[in-house]
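**Q** Can you read through this structure? Questions will come right after.
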Amino acid sequence: MDEEALERRLFPPLPPSKGRQFAEVDWAAIHRELKQPGVTLALLWDEYRGRRPGGYGYSAFCQHYRRWVGRLSTVMRQRHAAGERMFVDYSGARMAVIDPTTGAARPATRAFAAFGAAPALVASDNLKSGVIRACFYEPEINRSYAEMAAHYGTAILPAR
C-alpha cells in the first residue's frame, strides 16, 4: 500500500455537513457600518435578513460577528484638535532637537516658547515631582507645576 492509500484509510475525508450552509457575511463592512451614529447590530442583522431570508438568526449573527471582532487587534483611536493637548512623558534623558538647516543638535527645552503658544491641556505622566498625589477625580499637582500652568493659562491633566 502506498502513502496516499494509507493516508486515506487512516484519515478518511469527512462527510459533507448535513447542516444548513450560509454564505459568509462581510464582517468588515458590518464593522464599518456600526461606527455610524444610530446603527446597531440588530439593524444590520435586519438588513442582512432582508437580503438573505434563510441566513443566520440574530443570535448566530451576533456570535459570528463577535468572534470576528475578537480576531482584530485592539487599538484605541483618539482624535485630537491641533493645539488642544500636549502629551508629556518625563523619560529622564533630555531629547535633542536637530536644526534642519544646520544639522546642529540642541537640548529640547521650553516647549511653549517653541510652539509659540500654550495648549489648553498638558497631559503628563504621574511623575513624582509633578504630581504629589495621583487620584482619578482630584489629583494633587506640585505647587510650582500648578503655578506654571496658571501662568500659561493651561491645565495639568495627569495620566490615570
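The values are calculated or read from the model by the stated rules, or taken from the named source; none is laboratory data. Because the structure is predicted, anything quoted here is derived from the model rather than measured. In this analysis, Cβ positions are derived from the backbone assuming ideal geometry, glycine residues included, and neighbour counts consider all displayed protein chains. Quick note on the areas: whole protein, heavy atoms, side chains included, nothing else; ligands and nucleic acids left out. Shrake-Rupley method; radii C 1.70, N 1.55, O 1.52, S 1.80 Å.
**Q** Considering each of ALA123, ALA105 in turn, give the residue that is small (Gly, Ala, Ser) and at pLDDT 90 or above.
**A** Within the list ALA123, ALA105, the selection yields ALA105.
**Q** While we're looking at this one, here's another question. Under the condition of being small (Gly, Ala, Ser), assigned to a helix (DSSP H, G or I) and farther than 16 Å from PHE22 by Cβ, which residue from the stretch 32-75 is most open to solvent (accessible area, probe 1.4 Å)?
**A** GLY70
**Q** Also, quick follow-up: Filter the stretch 126-154 down to the residues that are surrounded by 15 or more Cβ atoms within 10 Å (Cβ to Cβ) and among the small types (Gly, Ala, Ser), then identify the one that is modelled with the lowest pLDDT.
**A** Looking at residues that are surrounded by 15 or more Cβ atoms within 10 Å (Cβ to Cβ) and among the small types (Gly, Ala, Ser), I get GLY130.
**Q** Look through ALA118, ALA96, ALA113 and report the one residue that is small (Gly, Ala, Ser) and touching a helix residue (DSSP H, G or I) at 6+ places or on another chain (Cβ under 7 Å).
**A** ALA118
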